[in-house]
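Enquirer: Submitted below is the structure of interest, expressed as structure tokens.
The values are calculated or read from the model by the stated rules, or taken from the named source; none is laboratory data. Owing to the predicted nature of the structure, the values given are computational and were not obtained by experimental measurement. Cβ coordinates were reconstructed from backbone atoms using ideal geometry, including for glycine residues, and neighbour counts include every protein chain displayed. Just so you know, the surface numbers come from the protein's heavy atoms only, side chains and all, with ligands and any DNA or RNA stripped out. Shrake-Rupley method; radii C 1.70, N 1.55, O 1.52, S 1.80 Å.
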Amino acid sequence: MTGKAKPKKHTAKELASKIDAATTNRGGGKAGLADRSGIEKGGHAKLECPLCKVTAPDIKSMKIHHDAKHPKVSFDETKLNNLHAIAPVAESSNKPKPEVTAYVLQRGLF
């Protein structure tokens, strides 16, 4: 046991693990929401269960999920939804395009 005036030392392994935990993105919180949801291409959630809409990164994880949550239904890989194959829909801006606005004004549709 150390005395009151002696500071306790940290090992190099402990310091390295603290730095790693602080600087590595683990995908939690609001910052990792898009990554977990699979909305953006390259997210962790590649496959979606057709029965309960739970997402999983690969076939092996989806098989484990299916065996645990849906034991009475047989597992079929062809029924899984591949979220990376579906192209994300680009959001349109609310700003009107100039050529459309001119056309609407010419025709008196506005």
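Enquirer: Which of the following residues is open to solvent by less than 100 Å² (accessible area, probe 1.4 Å), modelled with pLDDT under 85 and part of a helix (DSSP H, G or I): D35, D67?
Expert: Just a single option satisfies the conditions, and that option is D35.
Enquirer: Right, next: Pairs please, first residue from the stretch 20-32 and farther than 16 Å from A45 by Cα and in a helix (DSSP H, G or I), second anywhere and modelled with pLDDT under 75 and open to solvent by less than 70 Å² (accessible area, probe 1.4 Å), Cβ atoms under 6 Å, 6+ apart in sequence or on different chains.
Expert: none
Enquirer: Sticking with this structure for a sec: Specify the residue that is modelled with the highest pLDDT; the eligible residues are those in the stretch 38-64 that are under 21 Å from N25 (Cα atoms) and among the hydrophobic types (A, V, I, L, M, F, W, C).
Expert: A56
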